[in-house]
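Please read the structure below before turning to the comments.
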Amino acid sequence: MTQTPILTTEGLEKRFGGVVAARDISVALHAGETVAVIGSNGAGKTTFVNMVTGYLKPSAGKISFRGRDITGMSPRDTARAGIRRSFQISQIFPELTALENAMIAEIAALETKGSLSSHAITDARMHAARGVLARFGLEKFADTRVATLPQGVKKQLDIAMAAVDDPAVILLDEPTSGVSVDEKISMMESVITPLMNGEGTVLFIEHDMDIVSRFASRTIAFYEGTILADGPTEEVLRNDEVRKYVIGGTAHA
Amino acid sequence: MLKFTAIMLDGLNYSAWLFLVAVGLTLIYGVMRILNIAHGAFYAIGAYVCASTLGLYYGAGLPEALAFLAMGLVALIAGVVLGLAVERGVLRFLYGKDEVLMVLVTYALFLILGDAVKLIWGVESYFVYQPYAYFGFVEIGGLPYQVYDLLMVVLAVVLGVALWFWLERSRMGRMTTAVVADREISAAMGINVKRIFATTFAIGTFFAVVGGAVTAPKIAVTPGIGVEVIILAFAVVVIGGLGSIPGAAIGAVFAGYARALSVHLAPEFELFAIYAVMAAVLAVRPHGLFAKVSGRKI
Amino acid sequence: MTQTMMKTDFRREPVYIAVLALLLIAGFFLPSWLRFLLQTALAGGLVALGVAIQMRAGLVNFGQGLYYCLGGYAVGLLSAKLGITDVFVLLASAVVVALLAGALLGLLLARYREIFYAMLSLAVSMILYGVLVKAAALGSTDGFNVPPVTYLGWLPEREIRADVVYTLAAVLVVVSCLVVARYLRSGAGMLCEAVAENEIRLEYLGASPKRIVFFVIVTAAGISGLGGGLLAISTGHVDPLMTNWTTSGGFVFVALLAGRGSTIAPVIGFFLLELVQTYALDIAPNAWQMILGAVMLAAILLLPGGLWSLIDRRGKA
Amino acid sequence: MKKIATLACVSTLALTGAAMAQDSIKIGVPVFLSGAAAGPFGEPEKNAAELMFDALNAGEVPAPYNSMGIGGRMIDATFIDEASDAVVEYRNLVERTGVEAVIGYTSSGNCKSVAPVAEELETFTIFVDCGTPQVFEDVVTEPKFLFRTGPTATPDAVGAARYLRDSGYDLSRVAGINQNYAWGQDNWRDFTGALDALGTESKYVSNQMPQLGAGQYGAEVSALLTSSPNVVYNSFWGGDLEAFVLQAAPRGLFARSAVLMTCGEALFPAVGKNIPEGAIVSARGPFSVFAPENDLSTWFAAAYEERFGEYPTYPAWKMAQAVLGAKAAYAKAGEGATAADAAAAMTGLEFEAPSGIVKMANANGHQAIQGIGFGTVTQVDGKPTVENVKFYEAECVSPPADMRAEDWIASGFEGAVCE
């Protein structure tokens, strides 16, 4: 991999009072990669995602996106720059239908790509919103109020909304949490496949090593706020320290 | 110096009164998430009930010293009956509705109770000035001050501490605190949320009624006395942080001293001193001084 | 492809507004007292509409009377104190003053949500109330009177003055509904619902909830200012009660009950409320507030989806 | 076309009024039936109106009003609550209920907003109590149909200043406590203006302006006590006035300063025995304890007390006066008079009332002027009454017909005729 990375972090650190939640996180993500982030609870995975997407301001270190310093940027500006995310607890618009959810994701882009005063409901935009639902296999829920949908579908919708603008980097915070064991793989398939079709980089936090090895080409293992290992998935999963501290800690503790 | 004494005393006195009328509002909001506009009507009913029953009491020539006992008893009965009637009769059908809708429900109740008061007591003033005069006055630094007003401060402190003890120490109170923290988990743990709601509403109403009852001897009890009270109580509660009882105390002190200061130093600003304090506090601390801001989990 | 979004059927909106226009034309032939009631209700209806669009963003403004009052006082001051009587200048000023106030307050209020938004807007409106009550030069609580207005230099004869004012009010209300409907179809209008539902998600989609809220505050301020200006011209009188919380409470009630099915719902709802009030006053001068309260309570209990749910099949709040 | 549509649309709504019998006169009476003003104003006004209407219909009022009804027609009254949208409800009275004349209004704000509408709808309208001089000075400068049979608030403040000076009170340190709205602000402005015009060289040591309906005056009373005034001027009314007396009296404010209450007479029935002796009161005109003794006043006070169980306070007297003014106007206009005829006849009229002769002297004959009395309270057998009474004639405390009240005070009462 000789191309320049699309997103890099250098020496990221986050302290909450005296507690160090993340330390010396240096990562380089390249276009088109699918990366899994593993680690036990409190290892710093979500803190890392939160810093990259602007929810938390790093105490030290630097984040660059396409060569631009985006450290400390707001979630909104990060999103506009092309970094999107989904959430561990699905963040959707519960009282609206799935189509309306997708439409809002389309319209939200108007603030940068058009004018907020223009007509929001156009046939082209409707078409695009339906297209997004279709890509993620959600078209049958288009007119359903999403609060009533099952947990897994809500998470799919959350990811679909994050993917609306074909972002350069998309970060998925535990996409399969809350989804029943036997549905995890099919759910992952239905979201990762459409995401990988684009040019974008996908990073997802995952506890299930089966899913990690199945979907991620590269894996980063976190332990106590630092990166324990970073490399091709098979190598990282074979790493002794990772087996001892991470996989043991999550799967067999 | 005299002016300073006056400001201290007047501020304290007004703070005590504000606390009495506001604490029930904040308790009900904290537990039930109902911003109760009918609180003003409860205050007015407390004043009317006190004035008319004490009128009968004095008319019957009963001992003056025991009038205060009668006053407390009447306030307790009126508060519980009224609170339970409104909670059981109307509010319980509406739990889980939008907060704003509940504001309007209580506004409708306020209108209905206001006219009900008029139909029961008429529009002419009621007076029960005997308790106010009973203790006479003392001179504090050369300023004559009614002992009754000073006792009101004592009452506010006693009732405030009693409420705090009930919430912190009693079984029922701790269950109430649990409901405030998380209604669903509390219900899942087997706490009878319905009973907590009814009790809380009755206690909150009792405070409003007491506020009206102890004010009645100082004023002419007339239609419309509840209107100003709601807004003042709202202001106090919002300054302190909705749902916080220490907040209500601090909010009352802020608002009470703001008023006393403006009366003595800049009387022309008295009309909006309290709103100005409220706007200023909210501009700096959007959720009031004592609010527990629960950040949303993502 | 469906045009029904966020509980509003935008295809039908022009039809509804046309229905409103027809109703207002029919209203021209009402007996004069009823038409006058309708005319003042139209002014208030615009404010209720302003409250209603903020509700789409989950914001309940318990101080919308502020802009109503500012619009009314702008018209009153310019005409009574400065002698400007042209209705178009006056109403434009009312809107501009309200827009400016909305923009200024919007900067502050856009940070607030839920009950805190309600309480802070209430506080600000009550500060204006306090200032106006203190302003002896403006008649304090009595307010002051507004002289008859001219139309591009034409002062209508006394006999037709009422007809002209009614026509003006009707036209402006229809235009306002169209403008608001257009706003609701825009990105800024459409995202209001998203602000109410989930700001965090919206933020991570790259939109600015604060800006969306700011826009809705300013839009609502503008039409409320117009409503205030219309009221000043209709009744020929302004007073500080326009910015009292009880006035604002009425707008909130109507906005909530009207539902969000159409821009015309709050306008019609406000007229119905005024009608209930005046008949209650007539039937039971001693207990009219009780009747009003009972009607409000009944409406909340029996029509949880708002009045519009009677018209709209999908109207589930 | 318009008429047909009207009938078709709303026949059920509109016709209730028009169908009334020809031999009655429909009168609308807006008074406060709710809110803080209902007790002190609305109730006595409504009582007095009912008493007068019944007595007139039965022909029981003493001469010259001993003929039945008004203009030979029986009175059919509609009471409405003044605590509502005044303009809308005034229109409803005239256009929906179809009243021929309107007698009422206590609030100055309502009077100001209704005044132009009364002229626009050409409806004979008599304001009973509202005090602002602006009604005829600014709002309706060429009235035809609008009258006010009660004096404005100007004589209260001017009379108070004169009474204090003439009675030898020490006016070196003066304080005020007035409600923070138009009424209280105007009162304080006129009172201090009048003192200045009289050259008392008073120092105004405290100007308390509590909110209308505040009810609690602990801090204000402290502020008044600490500023040690010789005289305190107070224009409170209703529950606020009663609460003020209840809170200020026990703290000795009345003992330390001379307290003048322009509406003080209204305290007599309810809290009369709580008023400390020596407090200065008026009835805002020649009413109640300040009324002259004549057949009408004796009859009115007795009839009112018999029917309602208490002595009438000044708002009742003002209402009785307004009703009799209407009766006198119709009588002067002659048989078969319309409301317009009555309005024409009332212009400049002088008529008898329980308060003596009422002269419609100002505002082109549309505004009454009357004198005002002040006195100090004394308790006789546990009942309050007044002593040290001084009465100022109308010409002494009212501006001449061609002058605005404010200018007149500023000019040092130009043209005032005092004994």
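The values are calculated or read from the model by the stated rules, or taken from the named source; none is laboratory data. Just so it is clear, the structure is predicted and the values come from calculations on it, not from any experiment. Positions of Cβ are backbone-derived with ideal geometry, glycine not excepted, and every protein chain shown enters the neighbour counts.
Candidates D:241, D:212, D:267: the one that is within 12 Å of another protein chain (Cβ to nearest Cβ), over 30 Å from residue D:393 (Cβ atoms) and not acidic (Asp, Glu) is D:212. Residue pairs whose Cβ atoms lie under 6 Å apart, separated by 6 or more positions or on different chains, with the first residue in segment B:213-238 and at the interface with chain D (Cβ under 8 Å from one of its Cβ atoms) and the second among the acidic types (Asp, Glu), are B:220/D:242. Taking (1) within 30 Å of residue C:145 (Cβ to Cβ); (2) within 20 Å of the chain's Cα centre (by Cα); (3) among the small types (Gly, Ala, Ser); (4) modelled with pLDDT under 90 in turn, residue C:261 satisfies each apart from (1).
For segment B:196-207, check the following and say yes or no: at least one residue is in contact (Cβ under 8 Å) with a residue 12 or more places away in the chain, more than 23 Å from residue B:72 (Cβ to Cβ) and over 20 Å from the mean Cα position of the chain (by Cα).
So in segment B:196-207, the residues in contact (Cβ under 8 Å) with a residue 12 or more places away in the chain come out as B:196-207.
With more than 23 Å from residue B:72 (Cβ to Cβ) added as a condition, the list becomes B:196-197.
Checking which are over 20 Å from the mean Cα position of the chain (by Cα) leaves us with none.
No: segment B:196-207 contains no residue that is in contact (Cβ under 8 Å) with a residue 12 or more places away in the chain, more than 23 Å from residue B:72 (Cβ to Cβ) and over 20 Å from the mean Cα position of the chain (by Cα).
The residue pairs whose first member lies in segment D:75-94 and is more than 7 Å from chain C (Cβ to nearest Cβ), whose second member is of a type in the set (S, T, N, Q) and in a strand (DSSP E or B), and whose beta carbons are closer than 6 Å, counting only pairs six or more residues apart or on different chains, are D:76/D:24. The selection criterion, being among the polar types (S, T, N, Q), in contact with a strand residue (DSSP E or B) (Cβ under 6 Å, 6 or more places away or on another chain) and either in the same structural domain as residue A:139 (by TED's automatic domain parsing) or not in a strand (DSSP E or B) (or both), does not hold for residue A:90.
Residues checked against (1) buried (at least 23 other Cβ atoms within 10 Å of the Cβ); (2) in a helix (DSSP H, G or I); (3) touching a Phe, Trp or Tyr at 6+ places or on another chain (Cβ under 7 Å):
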site: B:53; (1), (2), (3): no, yes, no
site: B:62; (1), (2), (3): no, no, no
site: B:76; (1), (2), (3): no, yes, yes
site: B:83; (1), (2), (3): yes, yes, yes
site: B:114; (1), (2), (3): yes, yes, no
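The set of residues in segment D:347-380 that are of a type in the set (A, V, I, L, M, F, W, C), at negative phi and not in a strand (DSSP E or B) contains only D:349.
From the list A:90, A:26, A:74, pick out the single residue that is surrounded by fewer than 18 Cβ atoms within 10 Å (Cβ to Cβ) and under 17 Å from the mean Cα position of the chain (by Cα).
On the way: A:90 fails: surrounded by fewer than 18 Cβ atoms within 10 Å (Cβ to Cβ); A:26 fails: under 17 Å from the mean Cα position of the chain (by Cα).
Within the list A:90, A:26, A:74, the selection yields A:74.
Could you list, in sequence order, the residues of segment D:95-111 that are surrounded by 24 or more Cβ atoms within 10 Å (Cβ to Cβ), of a type in the set (Ser, Thr, Tyr) and facing chain C (nearest Cβ under 9 Å)? D:107, D:108 - these are the residues of segment D:95-111 that are surrounded by 24 or more Cβ atoms within 10 Å (Cβ to Cβ), of a type in the set (Ser, Thr, Tyr) and facing chain C (nearest Cβ under 9 Å). Take the conditions (1) assigned to a helix (DSSP H, G or I); (2) farther than 29 Å from residue A:243 by Cβ; (3) among the aliphatic types (A, V, I, L, M); residue A:51 misses just one of them, which is (2). Here D:269, D:312 are screened, and the one residue that is farther than 30 Å from residue B:139 by Cα and not assigned by TED's automatic domain parsing to the domain that holds residue D:359 is D:269. So, in segment D:350-396, of the ones that are out of contact with any Ser or Thr (no Cβ under 7 Å at 6 or more places or on another chain) and β-branched (Val, Ile, Thr), which residue ends up surrounded by the fewest Cβ atoms within 10 Å (Cβ to Cβ)? Only one residue tops the list, namely D:380.
In this entry, residue A:63 passes the filter for residues that are in contact (Cβ under 8 Å) with a residue 40 or more places away in the chain and closer than 30 Å to residue A:4 by Cβ.
Condition check ((1) hydroxyl-bearing (Ser, Thr, Tyr); (2) in contact (Cβ under 8 Å) with a residue 12 or more places away in the chain; (3) within 12 Å of chain C (Cβ to nearest Cβ); (4) more than 30 Å from residue D:402 (Cα to Cα)) across all residues:
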residue: D:32; (1), (2), (3), (4): no, yes, yes, yes
residue: D:51; (1), (2), (3), (4): no, yes, no, yes
residue: D:113; (1), (2), (3), (4): yes, yes, yes, no
residue: D:124; (1), (2), (3), (4): no, yes, no, no
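Total residues in segment D:272-305 satisfying the condition of being in a helix (DSSP H, G or I) and either more than 28 Å from residue D:356 (Cβ to Cβ) or aromatic (Phe, Trp, Tyr) (or both): the figure is 6.
Here's the yes/no breakdown for (1) at pLDDT below 85; (2) within 28 Å of residue C:12 (Cα to Cα); (3) of a type in the set (Phe, Trp, Tyr); (4) buried (at least 20 other Cβ atoms within 10 Å of the Cβ):
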residue: C:274; (1), (2), (3), (4): no, yes, no, yes
residue: C:294; (1), (2), (3), (4): no, no, no, no
residue: C:298; (1), (2), (3), (4): no, no, no, no
residue: C:302; (1), (2), (3), (4): yes, yes, no, no
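Residue-wise test of (1) out of contact with any Gly (no Cβ under 8 Å at 6 or more places or on another chain); (2) in a helix (DSSP H, G or I); (3) closer than 30 Å to residue B:15 by Cα; (4) without any contact (Cβ under 8 Å) to a residue 12 or more places away in the chain.
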site	(1), (2), (3), (4)
D:158	yes, yes, no, no
D:161	yes, yes, no, no
D:168	yes, no, no, yes
D:184	yes, yes, yes, no
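Yes/no matrix, rows are residues, columns are (1) modelled with pLDDT under 95; (2) farther than 21 Å from residue D:284 by Cβ; (3) crowded, with 24+ Cβ neighbours inside 10 Å; (4) out of contact with any Pro (no Cβ under 6 Å at 6 or more places or on another chain):
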site: D:198; (1), (2), (3), (4): yes, no, no, yes
site: D:206; (1), (2), (3), (4): yes, yes, no, yes
site: D:226; (1), (2), (3), (4): yes, yes, no, yes
site: D:232; (1), (2), (3), (4): no, no, yes, yes
site: D:238; (1), (2), (3), (4): yes, no, yes, no
site: D:243; (1), (2), (3), (4): yes, no, yes, yes
site: D:246; (1), (2), (3), (4): yes, yes, no, yes
site: D:256; (1), (2), (3), (4): yes, yes, no, yes
site: D:264; (1), (2), (3), (4): yes, no, yes, yes
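Among the residues of this structure, residue C:92 counts as one that is under 23 Å from residue C:42 (Cα atoms) and either among the small types (Gly, Ala, Ser) or in contact with an Asp or Glu (Cβ under 6 Å, 6 or more places away or on another chain) (or both). One residue stands out in segment C:272-289 among those that are within 12 Å of chain B (Cβ to nearest Cβ) and of a type in the set (S, T, N, Q): the one that is nearest to the chain's Cα centre (by Cα), namely C:277. Against the numbered list (1) touching a Ser or Thr at 6+ places or on another chain (Cβ under 8 Å); (2) free of Cβ contacts under 8 Å to residues at least 24 places away in the same chain, residue C:109 comes up short only at (2).
Residues that are within 27 Å of residue B:104 (Cα to Cα) and either of a type outside the set (S, T, N, Q) or surrounded by 21 or more Cβ atoms within 10 Å (Cβ to Cβ) (or both): does segment C:72-87 have at least one?
First pass over segment C:72-87, keeping only residues within 27 Å of residue B:104 (Cα to Cα): C:72.
Then drop every residue that is not either of a type outside the set (S, T, N, Q) or surrounded by 21 or more Cβ atoms within 10 Å (Cβ to Cβ) (or both), which leaves C:72.
Yes, segment C:72-87 contains at least one residue that is within 27 Å of residue B:104 (Cα to Cα) and either of a type outside the set (S, T, N, Q) or surrounded by 21 or more Cβ atoms within 10 Å (Cβ to Cβ) (or both).
When restricted to residues that are over 17 Å from the mean Cα position of the chain (by Cα) and part of a strand (DSSP E or B), segment D:89-141 contains 2.
Scanning segment A:112-125 for residues that are surrounded by fewer than 21 Cβ atoms within 10 Å (Cβ to Cβ) and either in contact (Cβ under 8 Å) with a residue 24 or more places away in the chain or small (Gly, Ala, Ser) (or both), we see that the one that is farthest from the other protein chains (Cβ to nearest Cβ) is A:124.
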